[in-house]
Amino acid sequence: MAVRPIIRFPSPLLTTSAERIGRFDGTLRQLSDDLVDTMRAAPGIGITASHIGILQRLTVIEVDPQTGPRSFVNPEIVWQSSETARHSEGSVSMPGVAEEVERPVRVRVSFQTLDGETREEEAEGLMAVCLQHEIDQLNGIFWIRRLSRLKRERAVKRFEKFNRAEAFPGTQ
């Protein structure tokens, strides 16, 4: 297991669709383990292989440390509720920035396990938000694309300011 470098906004890799995974082997398990370590170190509650520059349809989500991380291979949303809610979202690829995004309250997702077993399950609340956010990322839709143009521009400016402060501590 290893913490891998995270691709930062505005890398074009963050707006590129990931490829379906067809091999379910030790390499996939290692990638999943590395994503868990990288997500926790970021810190975050969700991450995709795209966030570390690997364009494969794998995401790891951990909304509750007591139940641990879950891996979703080739996830797809197959149903979503008409009821929506707003939640604060951000990205490990754009640290220091969060904004409210409106999404369906419930979703049903089809995915495969790390062993290749096909499953379908329904999620609501924070898990539903995370699944939609990470599946968007796997589809090449970076989260700020869900914001209005004005909010998106403000988010980018906040990130640029965050980057300057990170690169030159004590300056604004």
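Here are the numbers for this structure:
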{"read-out": "Complete set of residues in the stretch 10-46 that are among the β-branched types (Val, Ile, Thr) and over 22 Å from Val97 (Cα atoms)", "value": "Ile21, Thr27"}
{"read-out": "Tally of residues being part of a strand (DSSP E or B) and either modelled with pLDDT under 95 or not acidic (Asp, Glu) (or both) across the stretch 115-124", "value": "3"}
{"read-out": "Residue selected from the stretch 132-156 under the condition of a type in the set (Gly, Ala, Ser) and over 18 Å from Ser50 (Cα atoms), by the criterion least open to solvent (accessible area, probe 1.4 Å)", "value": "Ala155"}
{"read-out": "Residues located in the stretch 82-108, provided they are touching a residue at least 40 places away in the same chain (Cβ under 8 Å) and among the hydroxyl-bearing types (Ser, Thr, Tyr)", "value": "Ser91, Ser93"}
{"read-out": "Pick from the stretch 1-42, criterion open to solvent by less than 60 Å² (accessible area, probe 1.4 Å) and hydroxyl-bearing (Ser, Thr, Tyr), ranking: nearest to Asn163 (Cα to Cα)", "value": "Ser11"}
{"read-out": "Any chance Val105 is more than 24 Å from Ala49 (Cβ to Cβ) and in contact with an Asp or Glu (Cβ under 6 Å, 6 or more places away or on another chain)", "value": "yes"}
{"read-out": "Elements of type strands (runs of 3 or more DSSP E) contained in the stretch 43-114, each with 1 or more residues being farther than 30 Å from Glu166 by Cα and of a type in the set (A, V, I, L, M, F, W, C)", "value": "70-80, 84-90, 106-112"}
{"read-out": "Search result, residues across the stretch 47-76 that are open to solvent by less than 10 Å² (accessible area, probe 1.4 Å) and either among the hydrophobic types (A, V, I, L, M, F, W, C) or closer than 25 Å to Gly96 by Cα (or both)", "value": "Ile47, Thr48, Ala49, Ser50, His51, Leu58, Thr59, Val60, Ile61, Phe72, Val73"}
{"read-out": "Any hit, the stretch 157-166, residues being open to solvent by less than 30 Å² (accessible area, probe 1.4 Å) and either under 30 Å from Arg23 (Cβ atoms) or of a type in the set (A, V, I, L, M, F, W, C) (or both)", "value": "yes"}
{"read-out": "Test: Ser93 is closer than 22 Å to Thr16 by Cα, among the small types (Gly, Ala, Ser) and exposed (fewer than 12 other Cβ atoms within 10 Å of the Cβ)", "value": "no"}
{"read-out": "Single residue of Glu83, Glu62 found to be closer than 30 Å to Arg149 by Cβ, at pLDDT 95 or above and of a type in the set (D, E, K, R)", "value": "Glu83"}
{"read-out": "Hits in the stretch 109-123 - residues which are surrounded by 15 or more Cβ atoms within 10 Å (Cβ to Cβ) and touching a residue at least 40 places away in the same chain (Cβ under 8 Å)", "value": "Gln112, Leu114"}
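Matching residues to (1) closer than 27 Å to Arg29 by Cβ; (2) out of contact with any strand residue (DSSP E or B) (no Cβ under 6 Å at 6 or more places or on another chain):
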site: Glu99; (1), (2): no, yes
site: Glu102; (1), (2): no, no
site: Val107; (1), (2): yes, no
site: Glu117; (1), (2): yes, yes
site: Leu131; (1), (2): yes, no
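The values are calculated or read from the model by the stated rules, or taken from the named source; none is laboratory data. Just so it is clear, the structure is predicted and the values come from calculations on it, not from any experiment. As a convention, Cβ positions derive from the backbone with ideal geometry for all residues, glycine included, and neighbour counts pool all protein chains shown. Only protein heavy atoms, including side chains, enter the accessible area calculation; ligands, DNA and RNA are left aside. Shrake-Rupley method; radii C 1.70, N 1.55, O 1.52, S 1.80 Å.
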